[in-house]
Amino acid sequence: MSATPNTPAPPAAPAPKTNRIGLPKANYEGGKSTLCLGCGHDVITKQIINAFYEMGIEPHKVAKFSGIGCSSKTPAYFLNRAWGFNGVHGRMPSAATGALVANSSLLGIGVSGDGDTASIGIGQFVHLVRRNLPLVYIIEDNGVYGLTKGQFSATADLGAKQKSGAVNEFIPIDCCSLAIELGGTFVARSFSGDMKQLQTILEAAIAHKGTSVIDVISPCVTFNDHEGSTKSYKYSKEHETPVHEIGFVPFFEETLAEIPVGDTKEVAFPDGSVLKFRGVGRDYDPTDKEKALKTIHESHGKQEILTGILYVDPSKPSLSETLGATSEPLTTLPLEKLRPGREALEEIMESLR
Amino acid sequence: MSSVLTETTSRAGASGEAVVNDFSLQVATANGSGSQTANSVLMRSIFRMGVPVSGKNLFPSNIQGLPTWFTIRANKDGYIARKRDLDVLVCMNSETADDDVRELRAGAHVVYEKKLGLENPGKKRDDVTYYAVPFAELAVKITSAPEHAKLRKLIVNMIYVGVVAELMGIDPAETEKAIAKQLKGKQKAIDLNINAVRLGLEYAAQNLPAKIPFRVERMDATKGKIIIEGNMAAALGCVFGGATVCAWYPITPSSSLCESFIDFCDELRIDPDTKKKNVAILQAEDEIASIGMVLGAGWAGARAFTSTSGPGISLMSEYIGLGYYAEIPAVLFNVQRTGPSTGLPTRTMQGDILLCYFNSQGDTKHPLLFPSSPEECFTMAQQAFDLAEQLQTPIFVMTDLDLGMNNWMSDAFPYPTAPFARGKVLDAAAIEKVKQTWGRYKDVDGDGIAYRTLPGTPNAYGAFLTRGSGHNEMAQYSEKQQDYVKNVDRLVRKFDTARSMVPKPEFQDRPAATAGLLAYGTSHYGTTEARDKLAATFGVTLDYCRLRALPLQAEAVNWMRRHERIYVVEQNRDGQLVTILRDELPELATRFVSVRQYNGLPLDATTVIDGVLNDAPASGAGSDAKKGGIDA
């Protein structure tokens, strides 16, 4: 199968830089963003494009999913040579689940927001994580509803101030600790202002054969970037606390230029990719579930925004494996594999006589 | 409102003269007492004697303790609708015994647990015949072994099977075969149950010299037939129809459809080479997730379905609208029941016709299929997948609790020979031919149906982003009013195309009839029985149309145009199909007379006969037969 999409030839020379499967970055781009100028989401979009380009994924093998909200518009802004499914508010995980069990050869990426995930979508989010569907699930987390003009979402911090001055009186939902609690196999938090870390996390998530929950603090420049906000760019920059430096060596590379040096912990993926972690001033083990939860809980009291791959366990079976389903796409199975023979029907009829 | 019809069998039974192969027998027990096996054995014994039979379970929303009634109707002429009056009652439940007997018609026969004391002074009715049996005492006899103590409650049921067999002339050999069938190879259980039946037979032979005049005699009307529940038949249809993704959430009365599908797939969908399953079945966290999964799978190119009931459809509504606008194949079985939450979740109803036809926000309309038999559950399930992919839209298969969960006699199912109709899908080579001129929502053929592509197809020209109502024909985001109107008008064209593709109506016409009965789904049985009786007993000649789908087909409309008066029979309060007919055929609106039963019980013929006879088809044409047709 050719990896080259059938698009009109690009303008003549110089020959563009290409990735490991010979595609230029333009093949990973999407439409023009209609989000506000300076929106954190656009930075995430850019890093998604970079990650898929660097990982050398064929765009037509990617399936993009989203719900409703500013975040959920972004699949239109990356990989427009991939198919996309814009579902209904808070219910993207179910559509992704159906599509990806139907065709497990697709690589799924879902983009959601804090309202779409933690408020209206908390139910489907919870069950997505429990099932370990192979899906890169990004929460573009800014603590407010953008499209409906600035109401708090369920990740807004206690005491955070709205632009109008209203104060949030309700305990926030931490999607990362929730995901770890539910048996999540890849749980990360990042910040749209930390592009390098975000891209590394995305690349590792692409290699992970399970649900990768990536909660990305992504300031809303229009409704939540003021004094008193705990999701503003300034506040996030000041409070971001990486738990480690991350290096990712995909299966197709021998080494990575910027592997952290020093005491590193390694986590290997079934495909041969390796994650390398180096501690930064604290002892953090992303494979120790209980300790990870404790550390995240403690960070809430210290107003720290912990970032990094907070928990990872690549060994758990993916949903299709758990279901015992064939690895062939169910969508193209021929009639002979689906319709039992005449004698099978006759046997059933006989048992009912 | 009293019935205008006195059922002929009632008179016969009362006079003591034998009535052969024509009765309605009810067993009243408590839920969870294990009577289901005994009742099935009783029904199957009659079936094996060649007599047409149906079995309907009236059960509570409860696992143990609340009253349950199982009604068997046997009829030599093949009428298997629920009958309003009972001929024989087996009374095992102390909670309901007094009411059960009080409600019997004069001339009925009651077999009862002796300790209920139904013939005590003050209780005994002198217009019914009693047969007292000490069931509990008899049960102790054969379950005296300590390991059998727990079975006592269950074995009592098999004793009444024996008593009834003796009193009504059911061949014990057939009963024993039915037990063996029911308990598939569990020899100890088979022996114990056969002993219980024999005990009942012997007791009745020795102690009850007078027999019940409703007799079972061997005939030859069930040869080759099967007994099956509609849900199981639909599940089998999904297997043979090539379904590859099933997502569901448990809800009575639909759960057994997906559970049957799971069982069948464990046998029939295991790849012989890899031992992996050629299917993915997901029990979702709720119905919203079920339909999301089905739409995701349909979008990816799988044949996907869910099964639910009205409350589930309500939850699914938002996504169903997206399915309609994004044009994604999906199959939804709605095994209809009565309304929301607690109350009568275990009673039948055709109450979701409007809910499903117009389901979701904005302008939406969906094809509905109306199977009325297990065989049609099987064939229409397969058709539904073809239609969903051909029309690229959600298709509703509208069954109900009566069809889905009760035992139906059926012809053996025909083996499907047609290939799957997978609709307009472009593969990589086909995309290459049209390149950028392809538009996901472009009506190339004039039938309102565009060409779709599937994710993963190795041709980037085929990629697009699926979204709701705001798109142009190239699947690009658009909020332009012209694009919106153009798109929804095309969807109307597509719906018109559907008219000629959905299952066509069936007609039974009589010479010179100017009026007709129209029914769908399980209303078929009470309606056709009523039609015969109206002709035979009251001289009222009516044609009959069984509607098998919406949108309305030309054949159905033509039939309606030919009839001056049309009695539309359905099982809901508001005449939901009549509402649709009057809306879509305003020039015929005054011809429709709505005949309805909505008490949660399967439709009986008496309701229909009353509805027709109470109608005054004179000048004030079109007024509903509001007075009639509802049994209290």
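The values are calculated or read from the model by the stated rules, or taken from the named source; none is laboratory data. Computed from a predicted model, the values in this text were never measured in an experiment. Cβ sites come from the backbone with ideal geometry, for glycine too, and all protein chains shown count toward neighbours. To get the accessible areas, we keep the full protein, side chains included, count just its heavy atoms, and leave off ligands, DNA and RNA. Shrake-Rupley method; radii C 1.70, N 1.55, O 1.52, S 1.80 Å.
Quick notes on this one:
- When residue B:360 is tested against (1) facing another protein chain (nearest Cβ under 10 Å); (2) in a loop (DSSP other than H, G, I, E, B); (3) among the hydroxyl-bearing types (Ser, Thr, Tyr), only condition (1) is not met.
- Any chance residue B:191 is among the acidic types (Asp, Glu) and outside the structural domain of residue B:89 (by TED's automatic domain parsing): no
- Residue in the stretch A:243-261 that is within 21 Å of the chain's Cα centre (by Cα), aliphatic (A, V, I, L, M), part of a loop (DSSP other than H, G, I, E, B) and away from every other protein chain (no Cβ under 14 Å) present: yes
- Residue A:130 being farther than 29 Å from residue A:25 by Cβ, within 14 Å of another protein chain (Cβ to nearest Cβ) and of a type in the set (D, E, K, R): yes
- Set side by side, the residues B:448, B:404 differ, and just one is modelled with pLDDT of 95 or more and on the phi > 0 side of the Ramachandran plot, which is B:448.
- Helices (runs of 4 or more DSSP H) fully within the stretch B:468-587 that include at least 3 residues being over 17 Å from residue B:610 (Cα atoms): B:481-499, B:554-561, B:576-584.
- Selection count, the stretch B:176-223, where residues are assigned to a loop (DSSP other than H, G, I, E, B) and within 29 Å of the chain's Cα centre (by Cα): 10
- Within the stretch A:308-326, being away from chain B (no Cβ under 14 Å), of a type in the set (Ser, Thr, Tyr) and buried (at least 19 other Cβ atoms within 10 Å of the Cβ) holds for one residue alone: A:311.
- Single condition residue B:118 does not satisfy, out of (1) within 22 Å of residue B:605 (Cα to Cα); (2) in a loop (DSSP other than H, G, I, E, B); (3) open to solvent by less than 20 Å² (accessible area, probe 1.4 Å): (1)
- Flag for residue B:512 being away from chain A (no Cβ under 14 Å) and in contact (Cβ under 8 Å) with a residue 40 or more places away in the chain: no
- You will find that of A:248, A:186, the residue that is in contact with a Phe, Trp or Tyr (Cβ under 8 Å, 6 or more places away or on another chain) and of a type in the set (Phe, Trp, Tyr) is A:186 and no other.
- Selection status of residue A:149, on the phi < 0 side of the Ramachandran plot and open to solvent by 10 Å² or more (accessible area, probe 1.4 Å): no
- Of the helices (runs of 4 or more DSSP H) lying entirely inside the stretch B:371-437, the ones with 2 or more residues being of a type in the set (Gly, Ala, Ser) and open to solvent by less than 10 Å² (accessible area, probe 1.4 Å) are found at B:374-391.
- Scanning the stretch A:46-68 for residues that are over 13 Å from residue A:81 (Cα atoms), within 14 Å of chain B (Cβ to nearest Cβ) and open to solvent by less than 20 Å² (accessible area, probe 1.4 Å) gives A:65, A:66, A:67.
- Boolean, residue B:291 is within 10 Å of chain A (Cβ to nearest Cβ), surrounded by 20 or more Cβ atoms within 10 Å (Cβ to Cβ) and modelled with pLDDT of 95 or more: yes
- Check on residue B:309, open to solvent by 10 Å² or more (accessible area, probe 1.4 Å) and either farther than 18 Å from residue B:467 by Cβ or modelled with pLDDT under 95 (or both): no
Residues are listed down the side, and each one gets a yes or a no for (1) loosely packed, with under 14 Cβ neighbours inside 10 Å; (2) out of contact with any Leu (no Cβ under 7 Å at 6 or more places or on another chain):
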{"site": "B:110", "(1), (2)": "no, no"}
{"site": "B:128", "(1), (2)": "no, no"}
{"site": "B:136", "(1), (2)": "no, yes"}
{"site": "B:139", "(1), (2)": "no, yes"}
{"site": "B:149", "(1), (2)": "yes, yes"}
{"site": "B:159", "(1), (2)": "no, no"}
{"site": "B:172", "(1), (2)": "no, no"}
{"site": "B:185", "(1), (2)": "yes, yes"}
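- Qualifying residue in the stretch A:195-213 (condition: open to solvent by 10 Å² or more (accessible area, probe 1.4 Å) and over 16 Å from the mean Cα position of the chain (by Cα)): no
- Failed criterion for residue B:228 (all others in (1) away from every other protein chain (no Cβ under 13 Å); (2) in contact (Cβ under 8 Å) with a residue 60 or more places away in the chain; (3) among the aliphatic types (A, V, I, L, M) hold): (1)
- Residue tally, condition closer than 26 Å to residue A:33 by Cβ and either within 10 Å of chain A (Cβ to nearest Cβ) or crowded, with 18+ Cβ neighbours inside 10 Å (or both), over the stretch B:479-505: 2
- All positions within the stretch A:14-45 that are of a type in the set (Gly, Ala, Ser), open to solvent by less than 50 Å² (accessible area, probe 1.4 Å) and under 26 Å from residue A:143 (Cβ atoms): A:30, A:33, A:40
- Qualifying residue in the stretch B:462-480 (condition: at pLDDT 95 or above, touching an Asp or Glu at 6+ places or on another chain (Cβ under 8 Å) and of a type in the set (A, V, I, L, M)): no
- Elements of type helices (runs of 4 or more DSSP H) contained in the stretch A:285-353, each with 2 or more residues being touching a strand residue (DSSP E or B) at 6+ places or on another chain (Cβ under 7 Å) and at pLDDT 95 or above: A:289-301
- For the stretch A:90-112, a tally of residues being more than 8 Å from chain B (Cβ to nearest Cβ), open to solvent by 20 Å² or more (accessible area, probe 1.4 Å) and over 19 Å from residue A:27 (Cβ atoms) returns 1.
- Residue within the stretch B:75-85 that is on the phi < 0 side of the Ramachandran plot, part of a strand (DSSP E or B) and of a type in the set (Ser, Thr, Tyr) present: no
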